[in-house]
């Protein structure tokens, strides 16, 4: 019964997660560096904006998962309207509200029922 309570607690936690502000800054070498005001030291990088966004979502999701597993407090997302831009930010810097990958979190926490049919189909001819 305790395991079911833990799963319910984890599912509520995942579903309650909101978007976090992420600052995408163009770097001189090309690409974007991404930092999170609510997570000091957490950074991502991508050669293109799309790859930076994907990397940022992955690192945010991984950090949140680790915080849950270590029983660390998850910070409340900052209100983007209350964040003060740095006057030295390079042109092209963007503030984006980034959602963690809730589907990945549900999967990593074992909150998704496995479809046995899909697992067997993935074996191809060996699954028959």
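What is the residue count in the stretch 50-74 for residues that are part of a loop (DSSP other than H, G, I, E, B) and in contact with a strand residue (DSSP E or B) (Cβ under 9 Å, 6 or more places away or on another chain)?
Of the residues in that region, 0 qualify.
Is the stretch 17-26 home to any residue that is touching a helix residue (DSSP H, G or I) at 6+ places or on another chain (Cβ under 7 Å) and farther than 25 Å from residue 107 by Cα?
Keep residues of the stretch 17-26 that are touching a helix residue (DSSP H, G or I) at 6+ places or on another chain (Cβ under 7 Å), which gives 17, 20-22, 24.
Among the residues that remain, those that are also farther than 25 Å from residue 107 by Cα are: 24.
There is at least one residue in the stretch 17-26 that is touching a helix residue (DSSP H, G or I) at 6+ places or on another chain (Cβ under 7 Å) and farther than 25 Å from residue 107 by Cα.
Residues of the stretch 77-128 being modelled with pLDDT of 90 or more, in contact with a helix residue (DSSP H, G or I) (Cβ under 8 Å, 6 or more places away or on another chain) and not in a loop (DSSP other than H, G, I, E, B), which ones?
95, 96, 97, 98, 102, 104, 105, 106, 108
Say we look at the stretch 1-49 and pick out the residues that are in contact (Cβ under 8 Å) with a residue 12 or more places away in the chain and assigned to a helix (DSSP H, G or I); which of these is surrounded by the fewest Cβ atoms within 10 Å (Cβ to Cβ)?
Looking at residues that are in contact (Cβ under 8 Å) with a residue 12 or more places away in the chain and assigned to a helix (DSSP H, G or I), I get 15.
Which pairs turn up if I take residues in the stretch 81-103 that are without any contact (Cβ under 8 Å) to a residue 24 or more places away in the chain and on the phi < 0 side of the Ramachandran plot and look for partners that are surrounded by 13 or more Cβ atoms within 10 Å (Cβ to Cβ) and in a strand (DSSP E or B) with beta carbon separation below 8 Å, at least 6 apart in sequence or on another chain?
Listed pairs, sorted by first residue: 85/95.
Filtering the stretch 77-95 down to residues that are within 27 Å of residue 106 (Cβ to Cβ) and surrounded by 10 or more Cβ atoms within 10 Å (Cβ to Cβ), which residue is farthest from the chain's Cα centre (by Cα)?
80
Could we say that residue 74 is touching a helix residue (DSSP H, G or I) at 6+ places or on another chain (Cβ under 8 Å), modelled with pLDDT of 95 or more, surrounded by 14 or more Cβ atoms within 10 Å (Cβ to Cβ) and within 25 Å of residue 109 (Cβ to Cβ) here?
So residue 74 does not fit the description; no.
The values are calculated or read from the model by the stated rules, or taken from the named source; none is laboratory data. Source: prediction; values computed, not measured. So basically every Cβ, Gly included, is an ideal-geometry build from the backbone, and we count neighbours across all protein chains shown.
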